[in-house]
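See structure below.
The values are calculated or read from the model by the stated rules, or taken from the named source; none is laboratory data. Quick caveat, the model's predicted, so the values are computed rather than measured. Heads up, the Cβs are rebuilt from the backbone with ideal geometry, glycines too, and the neighbour counts pull from every protein chain shown.
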């Protein structure tokens, strides 16, 4: 009996080691989430993410973005290298020069956001920081924000489809399959982001199925006003 118990404990220990080894050996990025096993510069297209700042500030009121002298509407969240399935992340450990970060504060009004976006996404572009953020500015300049979102003074409610259609009317070169409207969860979802898919030359292109998983499924979203 004692020998049987020892054998059983040994078998369990070996099994645990095998399972731990398999878990540790899983290649990162097998799902549609961020992938850290990619080479900088190897990706399929860009995703330009525009964040609706008033909604962000309701959740993060202490952010520097929400406490300055300027009230923001859409701000650049990021320009993300994207694959048809998944996306590369953290491809290098280089830092953003202070002058480059300062020069982006009009579009990305928080240094922490700039540094995070570079380390997580920008490093996978294959560009140097100055060139990457120059590309971010160029990409943002290709998109016109609809007039109704320029400075709304009151809370409104919109269907996600109506938000997308506003951008399509303001940007005729965009196609319906190149825009994604993202919203928060809960019983009263808020407009969170509008995402535009661009090819590597910054021309509109269809978003991959993987990116479209972020599409808002709510029948309507609340759009908080710019304050």
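Here are the numbers for this structure:
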quantity	calculated
Residue within the stretch 120-132 that is surrounded by 13 or more Cβ atoms within 10 Å (Cβ to Cβ), modelled with pLDDT of 95 or more, within 20 Å of residue 211 (Cα to Cα) and in contact with a helix residue (DSSP H, G or I) (Cβ under 8 Å, 6 or more places away or on another chain) present	yes
Residue check, residue 81 in a helix (DSSP H, G or I) and touching a residue at least 40 places away in the same chain (Cβ under 8 Å)	no
Failed item, numbered, when residue 141 is tested on (1) out of contact with any helix residue (DSSP H, G or I) (no Cβ under 8 Å at 6 or more places or on another chain); (2) touching a residue at least 12 places away in the same chain (Cβ under 8 Å); (3) more than 23 Å from residue 92 (Cα to Cα); (4) exposed (fewer than 15 other Cβ atoms within 10 Å of the Cβ)	(2)
Members of the stretch 109-129 found to be more than 15 Å from residue 92 (Cα to Cα) and out of contact with any strand residue (DSSP E or B) (no Cβ under 8 Å at 6 or more places or on another chain), listed by number	110, 111, 112, 114
Within the stretch 64-78, tally of residues that are over 18 Å from residue 195 (Cβ atoms), out of contact with any helix residue (DSSP H, G or I) (no Cβ under 7 Å at 6 or more places or on another chain) and either touching a residue at least 24 places away in the same chain (Cβ under 8 Å) or assigned to a strand (DSSP E or B) (or both)	4
Residue 217 vs. criteria assigned to a loop (DSSP other than H, G, I, E, B) and closer than 19 Å to residue 55 by Cα	yes
Number of positions in the stretch 185-199 that are surrounded by fewer than 19 Cβ atoms within 10 Å (Cβ to Cβ) and within 17 Å of the chain's Cα centre (by Cα)	2
Unique match (being farther than 26 Å from residue 42 by Cβ, surrounded by fewer than 18 Cβ atoms within 10 Å (Cβ to Cβ) and free of Cβ contacts under 8 Å to residues at least 60 places away in the same chain) among 157, 165	165
